[in-house]
1. Determine the dipole magnitude for region 105-262: charges of +1 sit on the beta-carbon of Lys and Arg, -1 on that of Asp and Glu, nothing else is charged, the reference point is the Cα centre, and the result goes in debye to the nearest 20.
2. Mean-square fluctuation check for the chain, GNM, Cα pairs under 10 Å: which of Ala26, Ala38, Ala61 is largest?
3. Can you put His11, His50, His192, His33 in order of Cβ neighbours within 10 angstrom, beginning with the fewest?
4. Over the Cα atoms of the chain, what radius of gyration and what Dmax do you get, in Å?
5. Apply the Karplus parameterisation 6.51 cos²θ - 1.76 cosθ + 1.60, with θ equal to phi minus 60°, to every residue of region 212-221 and state each ³J(HN,Hα) to the nearest whole Hz, in sequence, with x for glycine and proline.
6. In a Gaussian network model over the chain where Cα atoms closer than 10 Å are linked, find which of Val218, Val94, Val125 has the largest mean-square fluctuation.
7. Enumerate the calculated ³J(HN,Hα) couplings along region 87-92 in order (Karplus 6.51 cos²θ - 1.76 cosθ + 1.60, θ = phi - 60°), each rounded to whole Hz, writing x wherever the residue is Gly or Pro.
8. Quick one: of Lys5/Lys254; Lys5/Lys227; Lys146/Lys257; Lys213/Lys254; Lys64/Lys146, which pairs are farther than 30 Å apart, Cα to Cα?
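Every read-out reported here was derived from the displayed coordinates using simple, explicitly stated rules and does not represent laboratory data. Every value quoted in this text rests on a predicted model; they were computed, and no experiment measured them. Cβ placement follows ideal geometry from the backbone for every residue including glycine, while neighbour counts extend to all protein chains displayed.
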Amino acid sequence: MHTQKRILAIHAHPDDVEFQCAGALALLLKSGHAVTIATMTPGDCGSAEHDCEAIAAIRRAEAKAAADLIGAEYLCLEFRDLAIFNDDESRRRVTEAVRRIRPDVILTAPPVDYLCDHEMTSLLVRDACFAAGCPNYATRQWEPAKAIDYIPHLYFVDSLEGIDRDGRPLPVAFHVDVTDVFETKREMLACHASQREWLLRQHGIDEYLESQKRWGEVRGKEIGVDKAEGFRQYLGHPYPHDNLLLDLLGQDGKGGKTVRLS
């Protein structure tokens, strides 16, 4: 068995992680690893009824409730919706978060997706993984954390419905079978009631949870299981190339099991 590893799942908004990688996180926690779920923003533009501060408070609480379901920690970096930019100040803020959490594995937004916040999150996290190990890169935060001495294993989750901005398919490199924990993943997404209720009002159906189920089935069918999540590992120099995520999960990325390395 592996010694306990630290996992950071960081995406743009509350509910993004629950859609795209909560199944893998639930499996990792069941295997004894420590998980932090982070959002760049508190979802402050995610309402037509509440003002920014009110909906942000609601959505922070929903995100924490979802994390609590599986025993994960929750953190918000307090950027604002549609105001995440790939600039120096933002990179230092994300780097500080990586140094404080000191993760072995990071799951983050894909480089290409339907929304600018997702794409900027991907860029910032990618570069923060590198910058976190540079002692001379000062984050300018209050009581800053020390630089780490490694580059975390970095993975991109699926884009929404697996397509780019022009509707073209974005293939994933491997899958994680989440069939056994899909109901937990569903319960985590259901914690985000403010978003679910908005879609119920607008569409008259529980589209929020149904879309999660449909996409899990699409990725599952690709490897012959009921439900799956898709991932791509970032393999740029000098990021790690061994697939630690699959190793920790004891899966081969194709629907089969493997023996975990000691």
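1. Roughly 160 debye for region 105-262.
2. Highest fluctuation of the listed residues: Ala61.
3. Final ranking by Cβ density, sparse to dense: His50, His33, His192, His11.
4. When restricted to Cα atoms, the chain yields Rg and Dmax of 17.5, 54 Å.
5. 4, 5, 4, 6, x, 5, 4, 5, x, 4
6. Val218
7. Karplus values, whole Hz, x for Gly and Pro: 10, 4, 4, 5, 4, 5.
8. Pairs exceeding 30 Å: Lys146/Lys257.
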